[in-house]
Amino acid sequence: MINYRDRFVDDMRLVGYSEKTVESYLREVKRFFERTGKGVAPQRVDEDLIRKYFIHLQQDRNYSVAAMKIAYSGIRFFLSQH
């Protein structure tokens with residue numbers, strides 16, 4: 001079984017992300033999969049699922065524009081590696 005978390009952290013460190021960025025992206029990806037379902041494989045995440053999640057962040061969690069950008073960047077980076 002692939003350890004997605006460890007690989008994600010390694011990939012971020014390989015491209016030179018700061019520890020703060022690594023922590024922020026890791027936190028946002030974890031929240032995404034907790035909300036969308038832990039059984040969802042990264043390869044099965046589609047545009048509709050991501051869109052619904054960001055609507056949730058905006059409407060239910062009151063994320064600021066800056067927080068939305070961090071969440072988007074972290075999720076995009078994670079999904080681009082899979």
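The values are calculated or read from the model by the stated rules, or taken from the named source; none is laboratory data. These figures come from a predicted structure and were not determined experimentally. All Cβ positions, even for glycine, are placed from backbone atoms using ideal geometry, and neighbour counts span all protein chains on display. Quick note on the areas: whole protein, heavy atoms, side chains included, nothing else; ligands and nucleic acids left out. Shrake-Rupley method; radii C 1.70, N 1.55, O 1.52, S 1.80 Å.
Dipole size in debye (nearest 20) for the chain around its Cα centre, Lys and Arg Cβ +1, Asp and Glu Cβ -1?
The calculation lands at about 140 debye.
Relative to its Kirkwood radius, the Cα radius of gyration of the chain gives an Rg/Rh of 0.95.
Of the solvent-accessible surface of the chain, computed with a 1.4 Å probe and all protein chains present, 48% belongs to carbon and sulfur. For the residues Leu14, Leu57, Leu49, a 1.4 Å probe over the protein chains yields an accessible-area ranking, largest first, of Leu14, Leu49, Leu57.
Secondary-structure-derived ellipticity at 222 nm for the chain, considering helices only, amounts to -23000 deg cm²/dmol, per-run term -39500 (n - 2.57) for DSSP H runs with n ≥ 4.
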